[in-house]
Amino acid sequence: MISNRTISNLKQGLSSSLLAKLGVVLLVLLVLMAAFAPLLATHDPTRTGSFSDTGNPYPPPGFDYQTTIAQDGEFEQVTVSPSSDHLLGTNNVGQDVFSRFVYGARVSLVVGLLGTALAMLIGVPYGLVAGYYGGRVDDILMRIADVMLAFPALVLALALIGVFQQSTINVPDPIVMAGLAEGMPETIPIPGTVTIVAALVIWVWFARVTRGEALSIRNQEYVKAARGFGVSDSKILLRHVLPNSITPIIVLATIQVAVIILLEASLAYLGFSGTTLSWGYEIERGQDLLRTRPWIAIFPGLGIVLAVISVNLIGDWLRDALDPNVEGTERGA
Amino acid sequence: MSIAKFLLRRLFQGVFVIWGAITVMFGLRVVAPGDPATLMLGQGATQELIQRVRVQEGLNRPVSVQYLDYLRGIVTGDLGYSWQSNREVEAMVIERVPATLELAIAATLVAIAIAIPLGVISATRRNQPADYGATLFSLLGISTPNFWLGLMLILLFGVWFGVPYPRGLRIAFFGPIPYPRALIINVIDMPTGRRPVGFLDAVVTLLQTGSIGELQTWLKHITLPAITLGTYFTALITRLTRSGMIDEGGKPYVTATEAKGLPGVLIRYKHVLRNTMIPIITVLGLQLGTLLGGAVITETVFNWPGLGQRLIDAVGTRDWPLMQGIIIFIAFGFVTLNIVVDGLYQYLDPQVSTE
């Protein structure tokens, strides 16, 4: 499955490539930031500022962001520039941009990893069955996969968004529950719909890659021998075919994490994510204030770029070290 | 198998895939929550009215009958009516196609124009500063979400390109346009109230009056969106060109042509690059979907009056007939382009087996 040679290839790849090292370091930092978000955040990321007229973060009726921004002192108090209190300033409703940047990593990484895992759960068995049985079964299953590939990823995601009710799952935050971080939100909203939609869009790549592997492995001597001994198909698939096709699946999975992070950001930017705690959504909020308050849109964007770069670099490293020549891994986004 | 036979088979597969795509979209509408008649009429509609619309739209018939009816409609070019605007979906789709097409073509041209020279330079100056620069650029290019890139470009160059407003160009359609006129994109710069400018429009003006003003305006409008949409492809093609040139450059025939005394530039561009084009075209074919998906987002950022923006509106209002129409159209275009790319592939590399 994972041989010593593979491991030494990986090590060599890591020590000889500066970019691979950079990717690993970046990802470790991002994961740490996401894990310890409540300890790193300087403010409750959901706490808004308020206008004294209305007592809420939204300006009084008739307030025109574009024309009154410079003169309106109230708005100045809600949306402040970077300072020692608010490291990266506050957004259009007075929430701390730095704290939302830190928390945004959680949503991005969780959706990326969960979505990929879910896509593997659908795509890998699908591909195993298609490739192992071949013939008519393979034909039917792969024609269905072809249909899924007729839709650009984002377009299919938008269609699925139309079907599912947008929902978020509020996951309790263990650090806050343990009382280690005062005043931080007790739960993290994970956009469940987006995770499922991403998996439904991405799985077909896993199906194709796994199928290709299974197709070549099923005619190997050891598989034939196992079949001759009367070992059941499900056992052969799990014990022989799957472990021997795992390398390209891992490389593909790494790159799909980046794809899903970008997909989640895009859907959130378009307002279809169902959660407001997302880098993509922050960019949407910042775009109308781009000229006068660029920090609202700049920093969450940097977060996305860093997350995607780190995952892509790790994907490149794995691909070069394991050299599986996987279809579908050329896509970086 | 001959090329004609191969293409015929691909065409047959294409028809099957498009039928599948139509079926998927129909199925999604059937399982989608919300009663269509209520969505059409809005919340305040009376039960009686809802019932009447259900009968009128044939929504009370069995799903299988509705499905066959929908298929029949598509074959005859009838995609139904939008629930929101009550206009014919096919007209709403077609009038938006030129804008998206212009953007996609411009983005592809930007990508090819930058990426291929960059890739060649990167490969010939391997491990030199120029190569590191190109590598870093392509890494950033494939990792940057294009909506953010678009906003950053507006922030940095907006003023320069006469973008007067923080969010994009504020371009908007001037109401529905009759069919033939839709071939010429009608784009209007809202703050200045300038006349619509599309590429064909600008060219026609140039031919009629000899004035290049229109063309300049068009160029100003399309530059930033084209760069935004094209960056991912620029990055991807740079990567592919570089690795392809390096692989190909090590082959014996290159040494032979060098020994023959052919100038390096000629070898690089005539022989090596040409052989590198084949994998590039394959990947580009696979990536057309990303281009179309990227267009959806880019259009939103720049308020570009294309199909993508209309799709976002349709999803937002759950206007299923319009959504279905646009998505089926995109799938159709995507599948057709892929067949074209396959044909091109055959043409470029006669060695490729058509089996």
Regarding segment A:263-279, can at least one residue be identified that is over 23 Å from A:ALA130 (Cβ atoms), within 9 Å of chain B (Cβ to nearest Cβ), without any contact (Cβ under 8 Å) to a residue 24 or more places away in the chain and polar (S, T, N, Q)? no
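When you check B:THR290 against the structure, is it part of a helix (DSSP H, G or I) and away from every other protein chain (no Cβ under 11 Å), yes or no? Step through it out loud before you land on a result.
Numbers: part of a helix (DSSP H, G or I): yes; away from every other protein chain (no Cβ under 11 Å): no.
Against the criterion (part of a helix (DSSP H, G or I) and away from every other protein chain (no Cβ under 11 Å)), B:THR290 does not qualify.
Here's the yes/no breakdown for (1) under 15 Å from B:TYR232 (Cβ atoms); (2) of a type outside the set (Phe, Trp, Tyr):
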| residue | (1), (2) |
| --- | --- |
| B:ALA256 | no, yes |
| B:LYS260 | no, yes |
| B:GLY264 | no, yes |
| B:TYR269 | no, no |
| B:ARG274 | no, yes |
| B:LEU286 | yes, yes |
| B:VAL296 | yes, yes |
| B:VAL301 | yes, yes |
Please work out which residue is farthest from B:GLY27 (Cα to Cα), limiting yourself to segment A:145-171 and to residues that are more than 7 Å from every other protein chain (Cβ to nearest Cβ) and surrounded by fewer than 17 Cβ atoms within 10 Å (Cβ to Cβ). A:VAL171
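Which residues, taken from segment B:177-234, are modelled with pLDDT under 50 and among the basic types (Lys, Arg)?
Narrowing segment B:177-234 to residues modelled with pLDDT under 50: B:177-196.
Those that are modelled with pLDDT under 50 and among the basic types (Lys, Arg): B:ARG181, B:ARG194, B:ARG195.
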I'd like the full set of residues that are more than 9 Å from chain A (Cβ to nearest Cβ) and of a type in the set (Gly, Ala, Ser), limited to segment B:318-339. B:GLY325, B:GLY333
Looking at segment B:119-147 only, could you name the residues that are buried (at least 19 other Cβ atoms within 10 Å of the Cβ) and assigned to a loop (DSSP other than H, G, I, E, B)? B:THR144, B:PRO145
In this structure, does B:ILE22 turn out to be surrounded by 12 or more Cβ atoms within 10 Å (Cβ to Cβ) and either within 14 Å of chain A (Cβ to nearest Cβ) or on the phi > 0 side of the Ramachandran plot (or both)? yes
Let me spell it out: the conditions are (1) surrounded by fewer than 24 Cβ atoms within 10 Å (Cβ to Cβ); (2) within 14 Å of chain B (Cβ to nearest Cβ); (3) assigned to a helix (DSSP H, G or I); (4) of a type in the set (A, V, I, L, M, F, W, C), and A:VAL223 meets all of them except one. Which number is the exception? (2)
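If you scan segment A:280-292, which residues turn out to be touching a helix residue (DSSP H, G or I) at 6+ places or on another chain (Cβ under 7 Å) and either away from chain B (no Cβ under 12 Å) or of a type in the set (Lys, Arg) (or both)? Can you show your working first?
Keep residues of segment A:280-292 that are touching a helix residue (DSSP H, G or I) at 6+ places or on another chain (Cβ under 7 Å), which gives A:280-290.
Correct list: A:ARG285 only.
I'd like to check which helices (runs of 4 or more DSSP H) are fully inside segment A:70-175 and have at least 2 residues that are among the aliphatic types (A, V, I, L, M). Even if it seems obvious, please write down each step before you answer.
Working: elements: A:73-78, A:97-133, A:135-149, A:153-163.
Helices (runs of 4 or more DSSP H) meeting the threshold: A:97-133, A:135-149, A:153-163.
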Which members of segment B:7-44 meet the condition of being touching a residue at least 40 places away in the same chain (Cβ under 8 Å) and over 26 Å from the mean Cα position of the chain (by Cα)? B:ALA32, B:GLY34, B:PRO36, B:LEU39, B:MET40
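From the residues in segment B:299-312 that are facing chain A (nearest Cβ under 7 Å) and hydrophobic (A, V, I, L, M, F, W, C), which one is surrounded by the most Cβ atoms within 10 Å (Cβ to Cβ)? Steps first, please.
Within segment B:299-312, the subset facing chain A (nearest Cβ under 7 Å) is B:300, B:311-312.
Checking the rest, the ones that are also hydrophobic (A, V, I, L, M, F, W, C) come to B:311-312.
Values: B:LEU311: 29, B:ILE312: 20.
Per the stated criteria, the residue is B:LEU311.
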Please specify each residue of segment A:3-45 satisfying the condition of being assigned to a loop (DSSP other than H, G, I, E, B) and in contact with a Leu (Cβ under 7 Å, 6 or more places away or on another chain). A:THR42, A:PRO45
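Would you be able to tell me the number of residues in segment A:305-330 that are modelled with pLDDT under 85, closer than 13 Å to A:LEU252 by Cα and more than 7 Å from every other protein chain (Cβ to nearest Cβ)?
So in segment A:305-330, the residues modelled with pLDDT under 85 come out as A:319-330.
Now restrict to residues that are closer than 13 Å to A:LEU252 by Cα: A:319-320, A:322-330.
Pick out the ones that are also more than 7 Å from every other protein chain (Cβ to nearest Cβ) and you get A:319-320, A:322-329.
So the answer is 10.
Please state which one of B:VAL296, B:VAL315 is facing another protein chain (nearest Cβ under 10 Å), closer than 30 Å to B:SER82 by Cβ and either outside any helix (DSSP H, G or I) or more than 15 Å from the chain's Cα centre (by Cα) (or both).
Values: B:VAL296 fails: either outside any helix (DSSP H, G or I) or more than 15 Å from the chain's Cα centre (by Cα) (or both).
The match here is B:VAL315.
Looking at segment A:221-243, which of its residues are among the polar types (S, T, N, Q) and under 33 Å from the mean Cα position of the chain (by Cα)?
Initial filter on segment A:221-243 (among the polar types (S, T, N, Q)): A:232, A:234.
Answer for segment A:221-243, where residues must be among the polar types (S, T, N, Q) and under 33 Å from the mean Cα position of the chain (by Cα): just A:SER234.
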Do we find that B:LEU156 is within 13 Å of chain A (Cβ to nearest Cβ), at pLDDT below 85 and either crowded, with 18+ Cβ neighbours inside 10 Å or outside any loop (DSSP other than H, G, I, E, B) (or both) in this structure? yes
Do we find that B:LEU229 is touching a Ser or Thr at 6+ places or on another chain (Cβ under 6 Å), of a type in the set (A, V, I, L, M, F, W, C), buried (at least 22 other Cβ atoms within 10 Å of the Cβ) and within 26 Å of A:LEU290 (Cα to Cα) in this structure? yes
Residues being more than 16 Å from B:GLY244 (Cα to Cα) and either within 8 Å of chain A (Cβ to nearest Cβ) or touching a Gly at 6+ places or on another chain (Cβ under 8 Å) (or both) - total across segment B:115-140: 2
Being under 30 Å from A:LEU289 (Cα atoms) and of a type in the set (A, V, I, L, M) is the requirement here; does B:LEU337 meet it? no
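The values are calculated or read from the model by the stated rules, or taken from the named source; none is laboratory data. Nothing here was measured: the structure is a model prediction, and the numbers come from that model. Please note: Cβ atoms are built from the backbone with ideal geometry, for glycine as well, and neighbour counts cover all protein chains shown.
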